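J.: I'd like to ask you about the structure that follows.
The values are calculated or read from the model by the stated rules, or taken from the named source; none is laboratory data. Values in this document were obtained by computation on a predicted structure and should not be read as measured data. Cβ atoms come from the backbone with ideal geometry, glycine included; neighbour counts cover every protein chain shown. Just the protein is used for accessible areas: all its heavy atoms, side chains included, with ligands, DNA and RNA removed. Shrake-Rupley method; radii C 1.70, N 1.55, O 1.52, S 1.80 Å.
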Amino acid sequence: MKIAVVTAGLSVPSSTRLLADRLAAATAAAAGGPVSVDVVELRDIALDITKNLLTGFPSPALRTAIETVTGADALIAVTPVFTAGYSGLFKSFFDVLDADSLVGKPVLLAATGGTERHSLVLDYQLRPLFGYLKADPVATGVYAASSDWGSGEASGALQRRIEKAGAELAALAAGRTAVPDEPAFVPFDRLLAEMSTQDG
C-alpha cells in the first residue's frame with residue numbers, strides 16, 4: 001500500500017507535520033502489510049505552486065509532488081487553520097491538481113489549530129473540498145488543538161481519534177469497510193421508501 005501525506009504546516013517543527021506523521025503511523029500499523037509513506041511538505045514547493053497557478057506549467061518538484069499524491073493508494077491531507085479556514089497554500093496545491101485526479105481515492109482529513117473552536121473546519125470546509133474532487137473521505141476526521149499535545153486525557157483522546165481514523169483509511173484503501181462504532185446511517189428518502197414498501 002502506498003500512502004501519500006500532504007502537510008501544509010509552515011514552521012519547523014510543525015504541529016501539522018507531527019499530526020500527519022502520527023496519522024501515517026496509525027494507518028501503517030492498521031494496514032497489516034507492507035506500507036510505503038511519502039510526505040509532501042507544501043512549504044518546500046510553495047513558490048512552485050504559485051508559479052504553476054500563474055503559468056499552468058508545473059516545475060519538476062511540483063510534478064513529483066502531484067505524481068506522489070495521484071499515484072498513491074490513499075491520501076492523508078493535513079492543514080493548519082488560519083482565519084477560521086484551511087490555509088491558502090493547502091487550497092492552492094489542490095487547485096493545481098487535475099479535477100479528476102482524486103476520484104474515488106480514500107482520504108483522511110485532518111487539521112490543527114490553536115483552539116477547539118476551529119474543529120468544524122473538517123466538516124464545513126475540508127469535506128466539501130474533497131467532495132468536489134470526488135475523493136472518498138473516511139468517516140473520522142482528526143482535529144488537534146494546542147491543548148491536545150500535552151499529557152493527560154486530551155492527549156489520550158487525540159491518540160484514540162488518530163488510531164480510529166488510521167484504521168478506517170487502511171480498511172478503505174484495502175477495499176474493505178471498517179466496522180463502525182455506531183449503526184450505519186440510512187438516508188431519509190431510502191428509509192421512507194422501505195417503510196412504504198412494508199406498508200404496501
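J.: Tally time: how many residues in the range 53-75 are of a type outside the set (Asp, Glu), open to solvent by 20 Å² or more (accessible area, probe 1.4 Å) and touching a residue at least 12 places away in the same chain (Cβ under 8 Å)? So that I can check it myself, show each step before the final result.
T.: Pass one, the range 53-75, residues of a type outside the set (Asp, Glu): 53-66, 68-72, 74-75.
Restricting the remaining residues to those that are open to solvent by 20 Å² or more (accessible area, probe 1.4 Å) gives 53-61, 63-64, 66, 68, 70-71.
Retained after the next criterion (residues that are touching a residue at least 12 places away in the same chain (Cβ under 8 Å)): 53, 58-59, 61, 66, 68, 70-71.
Residues flagged as of a type outside the set (Asp, Glu), open to solvent by 20 Å² or more (accessible area, probe 1.4 Å) and touching a residue at least 12 places away in the same chain (Cβ under 8 Å) within the range 53-75 amount to 8.
J.: Step by step: first the residues of the range 142-157, then only those that are at pLDDT below 85 and either in a helix (DSSP H, G or I) or not small (Gly, Ala, Ser) (or both), then the one that is surrounded by the fewest Cβ atoms within 10 Å (Cβ to Cβ). Which residue is that?
T.: Here is the first cut: in the range 142-157, the ones at pLDDT below 85 are 149-155.
Checking which are either in a helix (DSSP H, G or I) or not small (Gly, Ala, Ser) (or both) leaves us with 149, 153-155.
Values: Trp149: 14, Glu153: 9, Ala154: 16, Ser155: 14.
The residue in question is Glu153.
J.: Inside the range 76-120, can you point out the residues that are within 16 Å of Ile49 (Cα to Cα), open to solvent by less than 40 Å² (accessible area, probe 1.4 Å) and small (Gly, Ala, Ser)?
T.: Ser87, Ser92
J.: For Ile162, which of the numbered conditions (1) open to solvent by less than 40 Å² (accessible area, probe 1.4 Å); (2) hydrophobic (A, V, I, L, M, F, W, C); (3) without any contact (Cβ under 8 Å) to a residue 40 or more places away in the chain fails to hold?
T.: (3)
J.: Pairs only if they're at least six apart or on different chains, beta carbon under 9 angstrom, first in the range 80-98 and at pLDDT below 95, second of a type in the set (D, E, K, R); list them, first residue then second.
T.: Ala84/Arg117; Gly85/Lys91
J.: Among the residues of the range 130-141, are any part of a helix (DSSP H, G or I), of a type outside the set (Phe, Trp, Tyr) and either without any contact (Cβ under 8 Å) to a residue 24 or more places away in the chain or surrounded by 20 or more Cβ atoms within 10 Å (Cβ to Cβ) (or both)? Please lay out each step first, then the result.
T.: Step one: of the range 130-141, the residues part of a helix (DSSP H, G or I) are 130-132.
Narrowing further to those that are of a type outside the set (Phe, Trp, Tyr): 131.
Checking which are either without any contact (Cβ under 8 Å) to a residue 24 or more places away in the chain or surrounded by 20 or more Cβ atoms within 10 Å (Cβ to Cβ) (or both) leaves us with 131.
Yes; the residues of the range 130-141 include at least one that is part of a helix (DSSP H, G or I), of a type outside the set (Phe, Trp, Tyr) and either without any contact (Cβ under 8 Å) to a residue 24 or more places away in the chain or surrounded by 20 or more Cβ atoms within 10 Å (Cβ to Cβ) (or both).
J.: So which helices (runs of 4 or more DSSP H) are wholly in the range 1-77 and hold at least 3 residues that are under 15 Å from Phe94 (Cβ atoms)?
T.: On the way: elements: 15-31, 46-55, 60-70.
Result: 46-55, 60-70.
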